[in-house]
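Coordinate-derived values only; no laboratory data. This one's a predicted model, so the numbers in the text were calculated from it and none came from an experiment. Here the Cβ is made from the backbone with ideal geometry for all residues, glycine too, and neighbour counts use every protein chain on show.
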Amino acid sequence: MALRSHDLQDIDRCPILVPMLDRAIDVARSIGEFLGDCDVALTATNGGVDAAAKAGRKVVEFHVPKLAILARKLDLARLTVNGEIIVVHRSPAVNMGAATVILPPNAFLQATEAGETVLAGLVTSAAVGAKRVADLFCGCGPFALRLAASARVTAVDSDKPSIAALGEAARRTTGIKPFAVSTRDLSKEPLTAAELKEFDAVVFDPPRAGAEAQARQFAKSKVGTVVAVSCEPSTLVRDAGILMGGGYRLEQVTPVDQFKWSPHVEMVAVFRRN
């Protein structure tokens, strides 16, 4: 947008994209020319660029061959439209610790690979010594799959495709501890204090709205270590207050600046039972 306005400015390149996504704007425009008004999400994967479009009109069978030709012309690893897989040329996989995850369409990931590595390092360091760990709001498993190198992990998220991809990645990965996955909407049905009894440490990385309901269950629990990952300071402060009110001590907060040239920041907060 133009400075201090709501006017959109046309751009042809983004200087902070990874090299694989250097042509992202051209790819998005090509897809948009075919579909009309749409949102296009592009992800750099081991197999190349994964494209997921959300279009206003339904993509019917008649259009699929044309879209497949377009995807090949653009050298996309995979193209999906409105959640429907149009074509897969190469596996849209990413590495997470010792595992390789084949991403579901339009999967949520951290903004950068480097940022994810730093965040995961902070999370795993905070959970050192834990034998049983829960990873809540786990997504495709950037923390869970790394934690599984030394601890039994239970990973929980409401997104069924992400949980399925994570479970499959864990089954294919050798050398990790026992791994369980579960689909559950933690904002409506948080793990209770009774359910949390089996864990030595819990990691949670909720959406920007935070995890108030889950934090209240932490406050009632006896879990020794809780690690919060958040991209929204206000909801982290609220959830931290609930934890501290329940007897947790805030040990440290580490900001991770993975959103270049923006005021946003990711944070990792570590809480220990007093």
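Laid out as a table, the results:
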| read-out | value |
| --- | --- |
| Environment charge of Ser150, counting only residues whose C-beta is closer than 10 Å and scoring Lys/Arg +1, Asp/Glu -1 | +4 |
| Selection from Ala134, Phe179, Pro207, by position along the positive dipole direction of the range 116-208 (Cβ) | Phe179 |
| Listed residue (Leu70, Asn46, Ala24) projecting farthest to the positive dipole end of the range 19-91, Cβ model | Leu70 |
| Relative packing of peptides 118-131, 233-246 - highest average C-beta neighbours within 10 Å first | 118-131, 233-246 |
| Asp12-Arg208 pseudo-label distance in nm [points 7 Å out on the Cα-to-Cβ vector] | 3.2 |
| The range 19-91 - charge dipole about Cα centre, Lys and Arg +1 at Cβ, Asp and Glu -1, debye rounded to 20 | 160 |
| Computed [θ] at 222 nm, deg cm²/dmol, the chain (DSSP H ≥ 4; -39,500 (n - 2.57); rounded to nearest 500) | -8000 deg cm²/dmol |
| Estimated dipole of the range 121-208 in Debye, rounded to 20 [Cβ of Lys and Arg +1, of Asp and Glu -1, Cα centre] | 260 |
| Peptides ranked, highest mean first, by Cβ atoms within 10 Å: ranges 132-139, 72-79 | 132-139, 72-79 |
| Rg to Rh, two decimals, where the chain supplies the alpha carbon set and Rh follows Kirkwood | 1.01 |
| Counted charge near Ala170, where neighbours are those whose Cβ lies closer than 14 Å (Asp, Glu -1; Lys, Arg +1) | +2 |
| Charge dipole (debye, nearest 20) of the range 94-273; +1 at Cβ of Lys and Arg, -1 at Cβ of Asp and Glu | 600 |
